[in-house]
Amino acid sequence: MPIQLIFITNDRGIAKEAQDAGIDRIMVDLEILGKSERQERRDTLISCHTMEDISAMREIVEPGRLMVRINPIHDKSASEIGEVIDRGADIIMLPMFKTSAEVSAFLKNAGGNVKTCLLLETAQALVRMDEIFSLKGIDEVHIGLNDLHLSMGLDFMFELLSGGIVEYICRKLADKGIRYGFGGIAKMGDGLLPAEMILAEHVRLGSQMVILSRTFHERAKNLDDIRSRFSLKDEVAKIRDYEKQASRWTSGQFAENLRQIRENVIKIRDARGDALSKY
């Protein structure tokens, strides 16, 4: 089965174009609690989506394809999850959890009414993943490379891929029979670490989903903005073509791709370290 592509947007025009282009899921991103503090001074995108955006997306997103990232567990999580369900979400993603108690609260409030997706992105959750993954009711886990690398004090998020941590988590999830994916991906031919290398690792590791990153859509503000820059349909086709190619690779080709990833990650990490040392 092809890797499911996830596009984060609250724009109805973009959402429709994305579906028509073959993108599998549309995500409304409600997460705001603690995000500004975590991402301070970093070139990251913080969404300003609302509950009303879920209802608007529900009118045009095909059944089973509407995903919503909620806030981390807090004192109003029960009502937040209830409203997200009432407005028609198909999959709810929980970010920034650290304990099995937080995940249990999430699963209880979801109540089997929607698919559940955990966004594993804290060092605490990584250490406790055996305990967490044993809970009943987890449908999917997405490994969030950006916040996880910050949580672990690393310099570049793809160190998690080159260092074997992503593979370790994926193997745990495969053993549990839980669907999984990781990180984001740029357009083919783009990305600080080439998108082709990352996509091939998704194939090797049996990943079943990936988010199309802000680099992929070039921070486009609306549909006209996207159309003026690139064709969503063409870019999705390029991903699918490369995915098919990589699915036919030999073990030697995957090993060489991983070697190149490790080599590139070290160069990028060390270059960032050199730049920081000047200040």
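Every read-out reported here was derived from the displayed coordinates using simple, explicitly stated rules and does not represent laboratory data. Because the structure is a prediction, the values reported are computed rather than measured. Virtual Cβ from ideal backbone geometry, glycine too; neighbours counted across all protein chains shown.
How about the stretch 182-224: which trypsin sites (Lys or Arg not before Pro) there lie in a loop by DSSP and see at most 14 other Cβ atoms within 10 Å? Walk me through the numbers on the way to the answer.
On the way: sites: Lys187, Arg204, Arg214, Arg219, Lys221; in loops: Lys187, Arg219, Lys221.
Those satisfying the criteria are Arg219, Lys221.
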*Rank these for me by crowding, His49, His217, going from fewest to most other beta carbons within 10 Å.*
His49, His217
_Using the Cα centre of the chain as origin and beta-carbon charges of +1 (Lys, Arg) and -1 (Asp, Glu), tell me which of His49, His142, Phe254 is placed farthest towards the positive end of the dipole._
Phe254
*Tell me, Leu192, Leu145, Leu205 in order of fewest to most beta-carbon neighbours within 10 Å?*
Leu192, Leu205, Leu145
*asked:* Can you match Rg/Rh (Cα atoms, Kirkwood Rh) to one of these, (1) 0.94; (2) 1.01; (3) 1.25, based on a calculation from the structure here?
replied: (1)
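Could you give the size of the charge dipole of the stretch 4-276 about its Cα centre, using +1 on the Cβ of each K and R and -1 on the Cβ of each D and E, expressed in debye and rounded to the nearest 20? List each step's numbers first, then the result.
Details: 38 positive and 43 negative charges, 84 e Å.
The dipole magnitude comes to about 400 debye.
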*Sorted by packing (mean other beta-carbon atoms within 10 Å per residue), highest first, where do 50-57, 196-203, 6-13 land?*
196-203, 6-13, 50-57
*Name the residue, out of Glu59, Glu140, Glu243, whose mean-square fluctuation peaks in a Gaussian network model built on the chain with Cα pairs under 10 Å.*
Glu59
*Along the positive direction of the dipole of the stretch 4-276 (beta-carbon charges: Lys, Arg +1; Asp, Glu -1; about the Cα centre), which of Asn264, Leu107, Gly206 reaches farthest?*
Gly206
*If R0 is 51 Å, what FRET efficiency do you get for Glu59 and Trp249 from their C-beta distance, rounded to 0.05?*
0.80
*Ranked highest first by the average count of other Cβ atoms within 10 Å around their residues, in what order do 244-252, 25-33, 150-158 fall?*
25-33, 150-158, 244-252
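Ranking Asp147, Asp75 by Cβ neighbours within 10 Å, fewest first, what do you get? Please list the in-between numbers first.
Numbers: Asp147 20, Asp75 6.
Arranged by neighbour count, lowest to highest, Asp147, Asp75 become Asp75, Asp147.
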*Would you calculate the separation in nanometres between label points at Glu256 and Val127, each defined as 7 Å from the Cα along the Cα-to-beta-carbon direction?*
4.1
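Before rounding to the nearest 500, sum -39500 (n - 2.57) across all DSSP H runs of length at least 4 in the chain and divide by the residue total; then give [θ] at 222 nm in deg cm²/dmol. List each step's numbers first, then the result.
Values: 15 runs with 138 residues, N = 279.
Computed mean residue ellipticity for the chain: -14000 deg cm²/dmol.
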*Pairs Lys76/Lys172; Lys76/Lys98; Lys244/Lys267; Lys76/Lys108; Lys187/Lys244; Lys187/Lys238: which exceed 20 Å Cα-Cα?*
Lys76/Lys172; Lys244/Lys267
*How far is it, in nm, from the label point at Ser79 to the one at Lys176 when both lie 7 Å from their Cα along the line to the Cβ?*
3.1
